[in-house]
Amino acid sequence: MSVLVFGSANADLIFPTPTLPAPGETVLGESWRASPGGKGANQATAAARAGARTHFIGAVGTDSLAEVALLGMVAAGVDLSGLARVGVATGAAAICVDARGANQISVASGANMAVRAAQVTDADLGPGTVLLLQMEVPVEEMAALVARARAAGARIILNLAPPAPVPEAMLRQIDLLVANEHEAAWLAASLGVAPEAAAL
């Protein structure tokens, strides 16, 4: 069994601050740090750390933030041979965290919007493959990949985070949908059904 993650890779720029800034306000903190992030990269890192043979398909820029975005996957031994390096800035998130742990997050998708289903070869898909997806790359590319994965007999898991419109045909081809309470409610409202597992 192998895990194929099709998704995002970001550099997270984290700013601890005493309080979160109000609109138009500047709040000074003592330091900041850069960490690997992105829901796709996080999935790939976790799968590899759990012992799965893991392959990540995504896109980063050619800037210095690319290495930050890839750091966790490199350390975990994720196969990055399907990674694209494009002429767009690497995805990045600016995260302010106050003393109580509350946060404000702004994300620039950047190179994540350049990932393409064509980066996945037919050899990457099959009954022994688990395809992991999330909602931080173009949904039309995910839909194209899901159709190929279904035809090849792969298992398909979609984490509906952050929630965004998904073609119904794509939803029907997914084996497992992962959604928290808020994401389930959002999807249920968009489909006109009750926000319960059975209804969805």
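The values are calculated or read from the model by the stated rules, or taken from the named source; none is laboratory data. These numbers were taken from a predicted model, which means no experiment stands behind them. Virtual Cβ from ideal backbone geometry, glycine too; neighbours counted across all protein chains shown. Calculation scope for accessible area: heavy atoms of the full protein, side chains included, ligands and nucleic acids excluded. Shrake-Rupley method; radii C 1.70, N 1.55, O 1.52, S 1.80 Å.
A few remarks follow.
- Filter result for Glu141 (charged (D, E, K, R) and modelled with pLDDT of 90 or more): yes
- Listed by position, the strands (runs of 3 or more DSSP E) enclosed by region 117-179 that each have at least 1 residues that are surrounded by fewer than 19 Cβ atoms within 10 Å (Cβ to Cβ) are 155-159, 176-178.
- Test for Leu187: is it buried (at least 17 other Cβ atoms within 10 Å of the Cβ) and under 23 Å from Ser35 (Cβ atoms): no
- Among the numbered conditions (1) in contact (Cβ under 8 Å) with a residue 60 or more places away in the chain; (2) under 19 Å from the mean Cα position of the chain (by Cα), the only one that Asn180 does not meet is (1).
- Conditions (1) open to solvent by less than 70 Å² (accessible area, probe 1.4 Å); (2) part of a helix (DSSP H, G or I); (3) under 30 Å from Pro23 (Cβ atoms); number of the one not met by Gly101: (2)
- Scanning region 121-129 for any residue that is β-branched (Val, Ile, Thr) and over 17 Å from Ile174 (Cα atoms) turns up at least one such residue.
- Of all residues making up region 104-116, the number that are open to solvent by less than 60 Å² (accessible area, probe 1.4 Å) and either more than 25 Å from Ser64 (Cβ to Cβ) or assigned to a helix (DSSP H, G or I) (or both): 4
- Test: Ala199 is open to solvent by less than 50 Å² (accessible area, probe 1.4 Å) and either more than 12 Å from Val139 (Cα to Cα) or touching a Ser or Thr at 6+ places or on another chain (Cβ under 8 Å) (or both): yes
- Of the strands (runs of 3 or more DSSP E) lying entirely inside region 1-78, those containing at least 2 residues that are crowded, with 24+ Cβ neighbours inside 10 Å and not basic (Lys, Arg) span 2-6, 10-16, 53-57.
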